[in-house]
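Asker: Sharing a structure below in structure tokens format, with a few things to ask.
The values are calculated or read from the model by the stated rules, or taken from the named source; none is laboratory data. Not measured: the values here are computed from a predicted model. Reconstructed Cβ throughout: ideal geometry from the backbone, glycine too, with neighbour counts over all protein chains shown.
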Amino acid sequence: MKFLAAFQFLTSIPVPGEGQASPQDLGRSTGYFPLVGLIIGLILAGLNWLCQLFLPPSLVSALLLIAVVIITGALHLDGLADTLDGIAGQKSTEERWQAMRDSRAGAFGIIGIVLLLLVKYVSLNSLPTPLMTPALVLMPTVSRWAMVYAIFVYPYARPSGLGQVFQQETNWPQFTLATIITLVVTAALVIPLGFGALMIMFLIWLLTVVMAAYFKSRFSGLTGDNYGAIGEVAEVMVLVMVIIFARLGLA
């Protein structure tokens, strides 16, 4: 089942009785990426509700940050680190690919992860309490949709790789399903977040377009690591936008 393939790929949560998904099922599972993001968001929202009963907000924010890293297996953080290592310096396209394939994390990758986690922690700690749950749900849902958009629209860079499977198998049906799921979730969050929820999805789309265009210019296309980088940046920007809209009275 394509949903289970997406769930297995995007999370570290074991699925009893399920073997390894075929490359075709895995590639076509992108339509369910936002649904998996929704599940991740609901888990985080439940954890937040439970921890808020007996822990201070700053510690809860730290635990939520740890939880999302564990749930996702740091998959997208690794993609962010590899992408930053590939961008750094004056290199040819092939050298950038080689830098991303290197299992050792470079200085740019490590610094990028630290800064992103710092901003994410401060953002979680700064969210107004009434907006915590909708923000935790919106964050992984919209960010996974951003990844699907990048996979669907932009060419794959390398002649081979796992990302190529996603790019080849993601067509209009997968992208349409992912968009419908994301729109439904975002529309449902209009009640607590106001129309800022829909504006956030639009702004994340703009951010994805800019990032994807930049990565394409650097890597002659996008790679699986770039998809992960887009997802990570989209996550933290959702939180930042919720805070901005709340301060402007739009959420």
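Asker: Quick check, is residue 240 surrounded by fewer than 20 Cβ atoms within 10 Å (Cβ to Cβ), under 15 Å from the mean Cα position of the chain (by Cα) and outside any loop (DSSP other than H, G, I, E, B)?
Answerer: yes
Asker: Being in contact with a helix residue (DSSP H, G or I) (Cβ under 8 Å, 6 or more places away or on another chain), among the polar types (S, T, N, Q) and over 19 Å from residue 216 (Cβ atoms) is the filter here, so list the residues in the range 66-124 that pass it.
Answerer: Answer for the range 66-124, where residues must be in contact with a helix residue (DSSP H, G or I) (Cβ under 8 Å, 6 or more places away or on another chain), among the polar types (S, T, N, Q) and over 19 Å from residue 216 (Cβ atoms): 72, 123.
Asker: Consider the range 200-237. How many of its residues are touching a helix residue (DSSP H, G or I) at 6+ places or on another chain (Cβ under 9 Å), modelled with pLDDT under 95 and farther than 20 Å from residue 10 by Cβ?
Answerer: Of the residues in that region, 4 qualify.
Asker: State the number of residues belonging to the range 75-108 that are farther than 25 Å from residue 12 by Cβ and in a helix (DSSP H, G or I).
Answerer: 10
Asker: Taking the criterion of being surrounded by 17 or more Cβ atoms within 10 Å (Cβ to Cβ) and either more than 26 Å from residue 132 (Cα to Cα) or over 21 Å from the mean Cα position of the chain (by Cα) (or both), would at least one residue in the range 33-49 satisfy it?
Answerer: Within the range 33-49, none of the residues are surrounded by 17 or more Cβ atoms within 10 Å (Cβ to Cβ) and either more than 26 Å from residue 132 (Cα to Cα) or over 21 Å from the mean Cα position of the chain (by Cα) (or both).
Asker: Quick check on this structure: which one of 157, 146 is under 28 Å from residue 244 (Cα atoms) and of a type in the set (Gly, Ala, Ser)?
Answerer: Result of the check over 157, 146: 146.
Asker: Is there a residue being buried (at least 19 other Cβ atoms within 10 Å of the Cβ) and either charged (D, E, K, R) or within 20 Å of residue 35 (Cα to Cα) (or both) anywhere in the range 105-112?
Answerer: no
Asker: Under 17 Å from residue 11 (Cα atoms) and surrounded by fewer than 16 Cβ atoms within 10 Å (Cβ to Cβ): is that true of residue 66 in this structure?
Answerer: Answer is yes for this residue.
Asker: Condition first: more than 30 Å from residue 93 (Cα to Cα), of a type in the set (Ser, Thr, Tyr) and either free of Cβ contacts under 8 Å to residues at least 40 places away in the same chain or surrounded by 19 or more Cβ atoms within 10 Å (Cβ to Cβ) (or both). Can you find one or more residues in the range 162-176 that meet it?
Answerer: No, the range 162-176 contains no residue that is more than 30 Å from residue 93 (Cα to Cα), of a type in the set (Ser, Thr, Tyr) and either free of Cβ contacts under 8 Å to residues at least 40 places away in the same chain or surrounded by 19 or more Cβ atoms within 10 Å (Cβ to Cβ) (or both).
Asker: Any residue at all in the range 8-16 that's assigned to a helix (DSSP H, G or I) and surrounded by fewer than 21 Cβ atoms within 10 Å (Cβ to Cβ)?
Answerer: Yes.
Asker: Still on this structure, I have one more. Can you pull out the residues in the range 202-223 that are out of contact with any strand residue (DSSP E or B) (no Cβ under 6 Å at 6 or more places or on another chain) and buried (at least 24 other Cβ atoms within 10 Å of the Cβ)?
Answerer: Hits for the range 202-223 are 204, 208, 222, 223.
Asker: If you check residue 150 against the conditions, is it buried (at least 17 other Cβ atoms within 10 Å of the Cβ), in a helix (DSSP H, G or I) and not charged (D, E, K, R)?
Answerer: Yes; evaluated as a whole, the condition is true for this residue.
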